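Attaching a single structure in structure tokens format; questions to follow.
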Amino acid sequence: MKKFTKILSTTLIVAGLLTIGFTGRELFKAEPVMADSVKVNTITAMGEGIVKVKPDIAYITMGVRTENKDAKVAQTSNAEKMDQVIAALKKMGIEEKDIQTSNYSVYPQYDYEAKGGEKIVGYTVENTVRITVRDILKVGDVLDIGVEQGANVSNGIQFSVADTEKYYQEALKQAVKNARGKAEAMGEAIGVTLKNPSSIVEQSSGGGNIIYADRAAVKESLQMASTPISTGELDITAIVEVSFQY
């Protein structure tokens, strides 16, 4: 009996120690300490950069429209005239890769006053190509040659820059400088000195505007012996948002 009592007492002591051990762990458990957030003073400004560039590439959309009572005749006539236009363009130096079909359509002509209801009286075939002119000085010649070979449809001219990225990079530099100038003015107003930028965000995607020649003027030029073309200038714009610490 004494032996059993001794074993029981020992067991109770061990259990008590274990309990104290676990309790101690709970008492001294490390808790994460949150550091105070650091407040940073900043001035944010928007900047814009604009680079003016003379266009060096043009896109002309023109073609041939033919009409006939017979759809096949209208198509054949259209194909012959269009072949003449394309051949003449290639002869003057326009590469085949720079002549792409932009539209080909065949649609019926109706007589809505015919007895018994509307009636098909003929067909119209229209075929237009998009011509990339890499020598801007040849734009007028391209129009003239197209007319001489039978082109009677024009959707206008677009002027652009082949390498817009080069000029856009320059516009970005100007935009950042513009933003810094604005931020410095604001900093001076409140008596602080700016540090390095903490963030710069590009707000525009790049590229330049496209100048569209007046369609009515281009259409009128199809009846002229010589076509004068004025390209003007493109504005390539970049916009950024810059934050400065102080």
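The values are calculated or read from the model by the stated rules, or taken from the named source; none is laboratory data. The structure displayed is predicted, hence computed values, not measured ones. Cβ: placed from backbone, ideal geometry, glycine included. Neighbour counts: every protein chain shown.
Counting only residues that are buried (at least 16 other Cβ atoms within 10 Å of the Cβ) and in contact with a strand residue (DSSP E or B) (Cβ under 6 Å, 6 or more places away or on another chain), give me the strands (runs of 3 or more DSSP E) lying completely in the stretch 34-146 with at least 3 of them.
So the answer is 42-53, 57-68, 119-133.
Out of (1) within 30 Å of ILE239 (Cα to Cα); (2) under 30 Å from the mean Cα position of the chain (by Cα), what's the single condition that is false for LEU89?
With respect to (1) within 30 Å of ILE239 (Cα to Cα); (2) under 30 Å from the mean Cα position of the chain (by Cα), LEU89 is out only on (1).
Tell me which residues, restricted to the stretch 111-133, are more than 14 Å from ARG65 (Cβ to Cβ), hydroxyl-bearing (Ser, Thr, Tyr) and at pLDDT 95 or above. Before you say what the answer is, go through the steps one by one.
Our first condition is that a residue be more than 14 Å from ARG65 (Cβ to Cβ); within the stretch 111-133, this holds for 111-121, 130-133.
Checking which are hydroxyl-bearing (Ser, Thr, Tyr) leaves us with 112, 132.
Residue satisfying the conditions is THR132 alone.
Another question about this same structure. Is the stretch 150-159 home to any residue that is more than 21 Å from ASN127 (Cα to Cα) and at pLDDT 90 or above?
Filtering the stretch 150-159 for residues more than 21 Å from ASN127 (Cα to Cα) gives 159.
From what is left, the residues that are at pLDDT 90 or above are 159.
Among the residues of the stretch 150-159, at least one is more than 21 Å from ASN127 (Cα to Cα) and at pLDDT 90 or above, which makes the answer yes.
Listed here are the residues, each with its yes/no results for (1) modelled with pLDDT of 90 or more; (2) β-branched (Val, Ile, Thr); (3) over 24 Å from the mean Cα position of the chain (by Cα).
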| residue | (1), (2), (3) |
| --- | --- |
| ASP163 | yes, no, no |
| ARG180 | yes, no, yes |
| GLY206 | no, no, no |
| ALA213 | no, no, no |
| GLN223 | no, no, yes |
| ILE229 | no, yes, yes |
